[in-house]
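Have a look at the structure below, then the notes.
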Amino acid sequence: MNTVGYILAAILILLEIVAITFAWRAIKGSRTPQGAIGWVVFLIAAPYLGVPLYLFLGHHRYQGFILSRRTSERVVEGIRAHGEANVPATETVMPTVVFERISEFPAVGGNSMRLLIDGEETFGEIFRAMDAASDYILVQSYIVNDDGVGRSLKEHMVSAAKRGVKVRFLVDAVGCIKLPASYFTELKEAGVEFVNPKETPGAKTRFHLNFRNHRKTIIIDGKTGFTGGLNFGDEYMGLDPTFGHWRDTHVRLEGPLVAQLQLVFAEDWHWASGEVLIDELFWEPEKAEDDMTALLMATGPADDMETGALFFFSCIAQAKERVWIASPYFVPDTDILTALKFAALRGVDVRILVPEVIDHTVPWLAAFAYFDEIRGAGASVWRYNDGFMHQKVVLVDDTLAAVGTTNMDNRSFRLNFEAMAMFFDPRAASATERMLEADFERSFRLEKRLSEQPRKIRLGAPVSRLLSPLL
């Protein structure tokens, strides 16, 4: 064997050693057995591919955020007590205790919610609220594009800053990887404070592409809040010819729930910048006349428990008559799949609303590998085909409605930082029911089994399901 051969052999041996080390880490650290097995097989069988991918995708806990969040929580502990505990929740039919324990937020009364359907209504409401801000604006989004909608957001932030409103802007490093430096330059010149996504702790010091802050948050003066499925881009206005009409849902919030949403933003900002915002923000929003009981379900990989999956599991488990879930992706883990089947077998009206139009091919295909199982138990699958559907909405019985950023997939369960505004109120449930009924009218009920689907789906679904722990 010549010198080159010895070098190659040494590299392969080193790769195998590293692969075995990473495989052991995967066994110890993976949150699911399926994920651990997937990584072990991949790393040992193809170390030249597995090792580099594990560096980027193999982390299962966000240690940097955990440490920062503990520090942040010490700072905001008093705010939690002062800002929420003094506003008692009204009586509700749906028990709130499990959701309070998962979210570590109390259910509070005195809130209002208004559903915002699609981009025109959502962006109109957000931009009008920004124009009316008198003290400060907090903006957080997973994706901001340098296009018509993205530039409109910039113009409203710049305009607010120039009239003396304090504006803070926070985005995800992966979601905004294409956002040009010139975008931030204009914000800086106007006095808008922001965290450069290329300089956030995760992106700067370690391979954390697998963890993403998927939250979308707008706070106006600590009194009005917005969250939901829409990012800032032209496609969310239905202007992308590939997707056509873009079906999405945001929600406008007033009342103490805004303080909870603001607190999550403050924690994210503290982690990203090191700056504590508590003393600069308003924490006592007035109670809204609607007096709805609500809480914010903020979940992510820094939590001790698998809060994203527990949110869905708890909603499904507490359903007595119906559970309707709208999500662009349907890649449930074993627990959620079992809960859905058990609910359907109990006679609960289980409906899953997903898009017919393809956004990301692999999760779209993977979903077909689960449809037969849940349909066999009595659940129904509805495929929205009036454009692309991106909303994240849950409706349980006549008393619980949730709108936010959490998809029904392993990524949202375990890898993304997410937020859902949960309302324990028949009025919120009724409004959500009317909205989803209109969506079902623009959808068709799936009747074909996987074996009856086109060849691409028959072959692609089971293969894509193998990647479900990463989707």
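Of the candidates Gly222, Gly244, the single residue that is modelled with pLDDT of 95 or more and assigned to a loop (DSSP other than H, G, I, E, B) is Gly222. The stretch 370-471 holds strands (runs of 3 or more DSSP E) entirely within its bounds, and those carrying 1 or more residues that are out of contact with any Cys (no Cβ under 9 Å at 6 or more places or on another chain) and of a type in the set (Val, Ile, Thr) map to 380-384, 393-396, 400-404.
Only one of the listed residues (Ala317, Ala344, Ala339, Ala302) is small (Gly, Ala, Ser), modelled with pLDDT under 95 and surrounded by fewer than 24 Cβ atoms within 10 Å (Cβ to Cβ). That residue is Ala302.
Evaluated against (1) surrounded by fewer than 24 Cβ atoms within 10 Å (Cβ to Cβ); (2) over 23 Å from Arg215 (Cβ atoms); (3) out of contact with any Pro (no Cβ under 6 Å at 6 or more places or on another chain), Ala366 falls short on exactly one condition, (1). When Asp397 is tested against (1) in contact with a helix residue (DSSP H, G or I) (Cβ under 6 Å, 6 or more places away or on another chain); (2) among the charged types (D, E, K, R); (3) closer than 18 Å to Val348 by Cβ, just one condition goes unmet, and that condition is (1).
Could you go through the stretch 415-425 and let me know if any residue there is surrounded by fewer than 20 Cβ atoms within 10 Å (Cβ to Cβ) and either more than 29 Å from Asp172 (Cβ to Cβ) or over 20 Å from the mean Cα position of the chain (by Cα) (or both). Walk me through how you get there before you give the answer.
Within the stretch 415-425, the subset surrounded by fewer than 20 Cβ atoms within 10 Å (Cβ to Cβ) is none.
Taking every residue of the stretch 415-425 in turn, none turns out to be surrounded by fewer than 20 Cβ atoms within 10 Å (Cβ to Cβ) and either more than 29 Å from Asp172 (Cβ to Cβ) or over 20 Å from the mean Cα position of the chain (by Cα) (or both).
Restricting attention to the stretch 262-292, the residues that are out of contact with any Phe, Trp or Tyr (no Cβ under 7 Å at 6 or more places or on another chain), acidic (Asp, Glu) and over 27 Å from Ala402 (Cα atoms) total 2.
For Lys178, are the conditions met, namely being farther than 23 Å from Leu263 by Cα, part of a helix (DSSP H, G or I) and not aromatic (Phe, Trp, Tyr)? Spelling it out, it is not the case that Lys178 is farther than 23 Å from Leu263 by Cα, part of a helix (DSSP H, G or I) and not aromatic (Phe, Trp, Tyr). Checked against (1) touching a strand residue (DSSP E or B) at 6+ places or on another chain (Cβ under 7 Å); (2) under 20 Å from Gly244 (Cα atoms); (3) at pLDDT below 95, Trp364 meets all criteria but (1). The set of residues in the stretch 203-219 that are modelled with pLDDT of 95 or more, farther than 11 Å from Tyr142 by Cα and within 17 Å of the chain's Cα centre (by Cα) contains only Ile218.
The values are calculated or read from the model by the stated rules, or taken from the named source; none is laboratory data. No experiment lies behind these values; they were computed from the predicted model shown. Here Cβ is always computed from backbone atoms with ideal geometry, including for glycine, and neighbour counts include all displayed protein chains.
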